[in-house]
1. Please go through (1) at pLDDT 90 or above; (2) closer than 19 Å to I116 by Cβ for E90 and return the number of the only condition it doesn't satisfy.
2. Identify, please: which residue in the range 30-83 is of a type in the set (G, A, S) and in a strand (DSSP E or B) and is, among those, farthest from L103 (Cα to Cα)?
3. Taking the residues in the range 4-29 that are part of a helix (DSSP H, G or I) and touching a residue at least 24 places away in the same chain (Cβ under 8 Å) as candidates, determine which candidate is least open to solvent (accessible area, probe 1.4 Å).
4. Looking only at the range 51-86, how many residues end up being of a type in the set (K, R) and open to solvent by 50 Å² or more (accessible area, probe 1.4 Å)?
5. All but one of (1) of a type outside the set (D, E); (2) under 19 Å from P56 (Cα atoms); (3) modelled with pLDDT under 95 hold for L96; state the number of the condition that does not hold.
6. Kindly indicate whether any position in the range 52-67 is farther than 18 Å from V123 by Cα and touching a Gly at 6+ places or on another chain (Cβ under 6 Å).
7. L103: free of Cβ contacts under 8 Å to residues at least 40 places away in the same chain, of a type in the set (A, V, I, L, M, F, W, C) and open to solvent by less than 20 Å² (accessible area, probe 1.4 Å), yes or no?
8. I'm trying to understand the selection: among the residues of the range 106-118, which are in a helix (DSSP H, G or I) and open to solvent by less than 30 Å² (accessible area, probe 1.4 Å)?
Amino acid sequence: AAPGVVAAGDVARWPNARFGGEVMRVEHWDNAIEMAQAAAARLLAASGESALPYEPVPWFWSDLYDRKIQLAGRSGPDDEVQVVAGDVAERRFVALYGRSGRLVGALGWNRPRHIIQWRQRLVEGMDYADAVELARSEPLHDLPRLGPARPDPGHRRPRLAGQGHRLEAGGVRL
């Protein structure tokens, strides 16, 4: 972008340092609101002062009939994926995504409270191996907080459909 020009909304693209500088475009109304706030902060920053970079943990949710689907983070086709809670066949589970040793995503089917907890760990930058170990050693409702609850300054939601990934486990395609 040209100096002094900012963009916001679900058609804007930006490099997200939280995900290795991946250029993202998140088509979700919640992200558009958060991005508009970040753009306004950048435009209103005092001369010589810089605004915080917009580095959200993308997030989306959808209610489809009796299913609540949520994804926090950014999944990719080459990510390591492990179901760490629940049962895929019952369509009630949590799966964690790892890339280069980092936790990069958490997918939940009918586990909304748990994805909120994993989203906080994504904000904190948790290692993938540590996340899997924690998930397997603690019931999800007992996961310890990693620090004070603090808002992610640019935290919002991508859509799963546009990412072109499908999850299949135990012969069940979701």
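The values are calculated or read from the model by the stated rules, or taken from the named source; none is laboratory data. Quantities reported herein were computed from a predicted structural model and do not represent experimental measurements. When we count neighbours, we look across all protein chains shown, and the Cβ atoms used for this are built from the backbone with ideal geometry, even at glycine. For the accessible areas, the whole protein counts, side chains as well, though only heavy atoms, and no ligand, DNA or RNA atoms are used. Shrake-Rupley method; radii C 1.70, N 1.55, O 1.52, S 1.80 Å.
1. For E90, the failing item is (2).
2. S62
3. Per the criteria, the residue is F19.
4. The total comes to 2.
5. Every listed condition holds for L96 apart from (3).
6. So far as the range 52-67 goes, no, none of its residues is farther than 18 Å from V123 by Cα and touching a Gly at 6+ places or on another chain (Cβ under 6 Å).
7. Yes: the conditions hold for L103.
8. Hits for the range 106-118 are H114, I115, W118.
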